[in-house]
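Colleague: Take this structure first; my questions come after.
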Amino acid sequence: MDFKPKLVSAIKHYDKKTFTTDLMAGIIVGIVALPLAIAFGIASGVSPEKGIITAIVAGLMISVFGGSKVQIGGPTGAFIIIVYGIIQQYGMQGLTIATLMAGVFLILLGVLRLGTIIKYIPYPIVVGFTSGIAVTIFTTQVKDLLGMQMDHVPSDFIEKWGAYIYNIGTIDGWSALVGIASVVLIASWPMLARMFHLAPLKSLPGSLVAIIVMTIAALLLKEYAGVTSIETIGDRFSINSTLPGAVVPELSWEVIKSLVGPAVTIAVLGAIESLLSATVADGVIGDHHNSNTELIGQGIANIASPLFGGIPATGAIARTMTNINNGGRTPVAGIVHAVVQLIIFLFLMPLAQYIPMACLAGVLVVVSYGMSGWRSFMAMTRRNPKSDVTVLLLTFFLTIIFDLTVAIEFGLICACLLFMRRMAETTEVHAIFNEIDLNEDADMERGNLEHLTIPKDVEVYEINGPYFFGAGNRFEDIMARYGHHPKVRIIRMRKVPFIDSTGLHNLENMCHMCQKEGITVVLSGVNPTVEAVLRRNNFEQLLGEDNICNHIDLALARAKELIS
């Protein structure tokens, strides 16, 4: 089992200087993660403290058991839609079981050393579902961002926008002002910090600044202007700052079977996002993460988190980069980040009840913009092959209209089909007439000849590329188009690197058909690997030992012998 947590190797040569930088980075990233944890928890359909519990428990496990030195884990925007959908369909109990199952799947992926395979998921699928998630997150936040008075918000994307348009007259001006001002403040905070020479505050995240400013503004408006229409977290949720004990849910085989799909989606998405984050971090710090250990660490985190009432977690690119930019270089920084959030949760959580919902919606709007990757999306639609654009758009629209599970499944199926089509197109089959040009033939023994004449009643066909399921039909089409019922049919296979079972089946059928028509098949230039496969399938008995030749001049000599 490839399980080597980076924490073990990092502490072997640990010193006071490294601890100081890790401590500062952990404190900063812990503060940065706080508003995001609250916002992701609420947007996922759970109470705000569950988001922080996830950041504490899962963040600690990922840092202790993960395969990256600087990975920061916790709830992320990518899981919002999945978690919300599972809660709507199966309830909180279903989410807990699905997350536990996803944790087990992640551990199995790591134990079976499949960490590198996850990286081969096509890039258009990653961009498509990431952009789709971003649009969906933005859509879910419109109500709170504008303070709309709606009793029920449909879950369907199109119906949701229809409901927004129908209820556009219920927008609360004060809430909308808070929401839009939050977006503007978050986006412009780095510029404002430079403009007003607020160097000590420059490192504070714009989301935290917006929450502090808008919470104070909402309190002042309520106290001195009598504005009571701005909804806060406390108006919707009861805040609990007590760390819950571990609770194991009741499991049944029927429930487990019904939740396999959502659990696989959580596991796949968690694996993709965590390994992507770890890869990006490697490029910045010049390190190399252990993919299999990282998956095992993510699995442990997703088993621990739901036991304490948390939601799914994975590596977070934004928080990981914040950790790196502030000097974090070992998993100790991630552990400090979890401890900081624990202290805030235990002693300052009651203050979260005063945060306006519109402000949190503004935070998620900015997050969704960052996730959208619209520049990459547009660049792919302009520069990439049509097949990649098809996969991109299919995954994007399926994510929006249906859900992420459907999008990933159909996106992968479509990508696999297009890949098989491309592989089939790499194999060329063509007929050779009259004479063979030997200038570039590597399978010739006599180098003094430039051409070989093809005798009468002999046909020569050449296969250039893998002889697999995609090439068999093309070969039959070429023979049907150019074949004239010869006495001998030579098939040159010097450029066939391998042959699969479908190719073997097609070749065998073709040989039987030729024998029924009185045509002798001669194979030429078969490489040792392909020849071994043919012999294991008794082709020397089907064709005759003399009809499997090493090079074309022997094949032509054999053809002349058969004709005579």
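The values are calculated or read from the model by the stated rules, or taken from the named source; none is laboratory data. Keep in mind that what you see is a predicted model, and the values were worked out from it rather than measured. So basically every Cβ, Gly included, is an ideal-geometry build from the backbone, and we count neighbours across all protein chains shown. With ligands, DNA and RNA removed, areas are computed over all heavy atoms of the protein, side chains included. Shrake-Rupley method; radii C 1.70, N 1.55, O 1.52, S 1.80 Å.
Colleague: Give the accessible area for Arg422 in Å² (nearest 10); use a 1.4 Å probe, count only protein heavy atoms, and leave out ligands, DNA and RNA.
Modeller: So the heavy atoms of Arg422 present about 100 Å² to solvent.
Colleague: Next question, about the same structure. Please give the contour-minus-distance gain from Leu542 to Ile413: 0.36 nm per residue of separation, less the Cα-Cα distance, rounded to one decimal in nm. Numbers along the way, then the final one.
Modeller: Numbers: separation 129, 0.36 × 129 = 46.44 nm, distance 3.73 nm.
Computed gain between Leu542 and Ile413 is 42.7 nm.
Colleague: Figure the gain on full extension for His288 and Val8 (residue separation times 0.36 nm, minus the Cα-Cα span) and round it to one decimal in nm. Numbers along the way, then the final one.
Modeller: On the way: separation 280, 0.36 × 280 = 100.80 nm, distance 1.51 nm.
Stretched fully, the His288-Val8 segment lengthens by 99.3 nm.
Colleague: Work out the FRET efficiency for Met1 and Ile180 from their Cβ-Cβ distance, taking R0 = 60 Å, and round it to the nearest 0.05. Please list the in-between numbers first.
Modeller: Numbers: r = 51 Å, r/R0 = 0.86.
The value I calculate is 0.70.
Colleague: Shifting gears a bit: Hey, if you drop one equal point scatterer on each alpha-carbon of segment 68-220 and run the Debye formula without solvent, what base-10 log of I(q)/I(0) do you get at q = 0.17, 0.18, 0.21 Å⁻¹?
Modeller: Result of the Debye calculation: -1.22, -1.26, -1.35.
Colleague: Excluding Phe138 itself, what net charge comes from residues whose Cβ is under 15 Å from its Cβ, given Lys and Arg +1 and Asp and Glu -1? Don't skip to the end; give the middle numbers.
Modeller: Working: positive: Lys143, Lys160; negative: Asp144.
It works out to a net charge of +1.
Colleague: Relative to a virtual label point 7 Å from the Cα of Thr116 in the Cα→beta-carbon direction, which members of segment 274-292 show backbone nitrogen distances below 17 Å?
Modeller: It comes to 275-276, 279, 288-292, nothing else.
Colleague: Rounded, prolate or oblate: pick one for segment 344-426, where a ≥ b ≥ c are the square roots of the eigenvalues of its C-alpha gyration tensor, a/c under 1.5 means rounded, and failing that, prolate if a/b is larger than b/c, else oblate.
Modeller: Prolate.
Colleague: Here is a further query. State, to one decimal in nm, how far the label point of His512 lies from the label point of Gln93, with both points 7 Å from Cα in the Cβ direction.
Modeller: For His512 paired with Gln93, the spin-label model returns 5.7 nm.
Colleague: I'm spelling it out carefully: the read-out is volume of the Cα convex hull per residue in Å³, the candidates are (1) 220; (2) 198; (3) 175, and one was derived from this structure. Which label?
Modeller: (1)
Colleague: For helix 123-146, what angle does its Cα long axis make with the longest principal axis of the chain, in degrees from 0 to 90 and rounded to 10?
Modeller: 20 degrees
Colleague: Distance from a point 7 Å along Cα→Cβ of Val248 to each backbone N in segment 305-330: keep the residues under 13 Å and list them by number.
Modeller: From segment 305-330, the list is 307.
Colleague: Follow-up question, since we're still on this one. In what sequence, largest accessible area first, do Glu250, Glu273, Glu435, Glu561 appear using a 1.4 Å probe? The partial results should precede the final answer.
Modeller: Details: Glu250 155, Glu273 40, Glu435 90, Glu561 115 Å².
Sorted by accessible area, descending: Glu250, Glu561, Glu435, Glu273.
Colleague: Still on this structure, please answer the following. Could you work out the relative contact order of the chain, using alpha carbon pairs under 8 angstrom and six or more residues apart, expressed as a whole percent? Before the final figure, lay out each step's value.
Modeller: Details: 1029 pairs, mean separation 130.7, N = 564.
After rounding, I find 23 percent.
Colleague: What ratio of Cα Rg to 2.2 N^0.38 Å holds for segment 59-127? The partial results should precede the final answer.
Modeller: Numbers: Rg = 14.1 Å, N = 69, 2.2 N^0.38 = 11.0 Å.
Here the Cα radius of gyration is 1.29 times the empirical estimate.
Colleague: For Thr232, what residues show an amide H to amide H distance below 5 Å, using hydrogens built from the backbone and excluding near sequence neighbours?
Modeller: Here the answer is Met357, since their amide H atoms fall under 5 Å of that of Thr232.
Colleague: Could you check the simple spin-label distance between Leu198 and Arg535, using points 7 Å along Cα→Cβ, in nm with one decimal?
Modeller: According to this spin-label approximation, the distance is 7.9 nm.
Colleague: Amide H neighbours of Val521 under 5 Å, at least 5 residues apart or on other chains, H built in the peptide plane: list them.
Modeller: Arg489
Colleague: Could you tell me the calculated FRET efficiency between Leu346 and Phe498, based on Cβ-Cβ distance and R0 = 51 angstrom, to the nearest 0.05?
Modeller: On the way: r = 62 Å, r/R0 = 1.21.
After rounding, the FRET efficiency stands at 0.25.
Colleague: Helix-only estimate, please: 222 nm mean residue ellipticity of the chain, summing -39500 (n - 2.57) across DSSP H runs of length 4 or more and dividing by its residues, to the nearest 500.
Modeller: Counting only the DSSP helices, I get -21000 deg cm²/dmol.
Colleague: Please work out how much accessible surface Asp156 shows to a 1.4 Å probe, ignoring ligands, DNA and RNA, in Å² rounded to 10.
Modeller: Result for Asp156: roughly 50 Å² accessible.
Colleague: With every protein chain left in place, what is the accessible area per residue of the chain in square angstrom, probe 1.4 Å?
Modeller: 46 Å²
Colleague: What is the magnitude of the charge dipole of the chain about its Cα centre, with +1 placed on the Cβ of each Lys and Arg, -1 on the Cβ of each Asp and Glu, and no other charges, expressed in debye to the nearest 20? Working shown, then result.
Modeller: On the way: 38 positive and 44 negative charges, 315 e Å.
Roughly 1520 debye for the chain.
Colleague: Leaving out ligands, DNA and RNA, and with a 1.4 Å probe, what % of the accessible surface on the chain is carbon or sulfur? Walk me through the numbers on the way to the answer.
Modeller: On the way: 16260 of 26160 Å².
With neighbouring chains kept in place, the figure for the chain is 62 percent.
Colleague: Another question, then. Starting at the first residue of segment 354-371, write each ³J(HN,Hα) from the Karplus equation 6.51 cos²θ - 1.76 cosθ + 1.60 with θ = phi - 60°, in whole Hz, x for Gly and Pro.
Modeller: Working through the residues one at a time gives 8, 6, x, 5, 5, 5, 4, 4, x, 4, 6, 4, 5, 4, 5, 5, x, 6 Hz.
Colleague: Sort Lys4, Lys202 by heavy-atom solvent-accessible area, probe 1.4 angstrom, most to least. It would help to have the intermediate numbers written out before the result.
Modeller: On the way: Lys4 135, Lys202 110 Å².
The ordering from most to least exposed comes out as Lys4, Lys202.
Colleague: How much FRET efficiency would the formula 1/(1 + (r/R0)^6) give for Lys17 and Phe397, where r is the Cβ-Cβ distance and R0 is 56 Å, rounded to 0.05?
Modeller: That pair, Lys17 with Phe397, gives E of 0.65.
Colleague: Between segment 199-232 and segment 148-196, what is the separation of their alpha carbon centroids in Å?
Modeller: Between the Cα centres of segment 199-232 and segment 148-196 lies a distance of 15 Å.
Colleague: Net charge near Ile519: determine it from the other residues with C-beta under 9 Å of the C-beta of Ile519, scoring Lys and Arg +1 and Asp and Glu -1. Mind showing how you got there, number by number?
Modeller: On the way: positive: Lys487, Arg489, Lys516; negative: Glu459, Glu517.
Around Ile519, the charge tally is +1.
Colleague: For the charge dipole of the chain, defined by +1 on Lys and Arg C-beta atoms and -1 on Asp and Glu C-beta atoms about the Cα centroid, which residue among Gln71, Met378, Val389 has the Cα displaced farthest towards the positive pole?
Modeller: Gln71
Colleague: Continuing with the same structure: Just read off the accessible area of Ser564 with the full protein assembly in place, 1.4 Å probe, to the nearest 10 Å².
Modeller: Number for this one is 120 Å².
Colleague: Zone of Thr170 (label point 7 Å along Cα→Cβ, backbone N under 19 Å): which residues in segment 115-156?
Modeller: Backbone N within reach: 139-156.
Colleague: How big is the charge dipole of segment 4-104 about its Cα centre, in debye rounded to the nearest 20, if each Lys and Arg gets +1 on its Cβ and each Asp and Glu gets -1 on its Cβ?
Modeller: Details: 7 positive and 3 negative charges, 81 e Å.
Its charge dipole is roughly 400 debye.
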